Amino acid sequence: IDIQIDKDRLVFYFSFQAINGGIVMVSFYNNFLSCSDTATLHDVIAHINHIRALAGVNHVGLGAGYDGINLTPTGLEDVSRYPMLLAELARDRLWSSSDIKKLAGGNLVRVFTEVEKVRDDWLAVGPTEDWISLEDLDGKTYCRYPGT
């Protein structure tokens, strides 16, 4: 794996989240945090701060993933440990009380409020069953339509 290319992709992805108003939810899976089977609460904080630096405080949230990961960081074994994470962030001058509220759920609520607005705007349109023509795909398809 070319690490520089992966870093460039991440910078683009995180920047795009900021541009489109989205959110990057931080996974607590040890291998994503430290590239090993072990990680700590401080690895999570470093990961959160890295994403914040790239995308901004309005575009980072806690994704954890406890329902789908088998390795958790020491100090964040389950959601009952969130107060320790948030208290540690509160000790950092980078994080205001308002910033911590955004991270802990405010950003997610903001994004889903926008999602609901889009849903409401498109409610009258309904789904379409139209096929996309091969000309519109310009030959960049990974699948084939039946009969083609």
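Projecting label points 7 angstrom from Cα along Cα→Cβ for Asp92 and Asn70 puts them 3.0 nm apart. Stokes-Einstein diffusion for the stretch 7-126, with the hydrodynamic radius set to the Kirkwood value over Cα pairs and evaluated at 10 °C in a medium of 1.306 mPa s, equals 104 µm²/s. Per residue, the accessible area of the stretch 7-126 comes to 60 Å² when a 1.4 Å probe rolls over the protein heavy atoms.
When the accessible area of the stretch 7-126 is computed with all protein chains present and a 1.4 Å probe, what percentage of it is carbon and sulfur? Its accessible area is 60 percent carbon and sulfur atoms.
The values are calculated or read from the model by the stated rules, or taken from the named source; none is laboratory data. In this text, all values refer to a predicted model and were calculated from it rather than measured experimentally. Note that we place each Cβ from the backbone using ideal geometry, even for glycine, and neighbour counts take in every protein chain shown. For the accessible areas, the whole protein counts, side chains as well, though only heavy atoms, and no ligand, DNA or RNA atoms are used. Shrake-Rupley method; radii C 1.70, N 1.55, O 1.52, S 1.80 Å.
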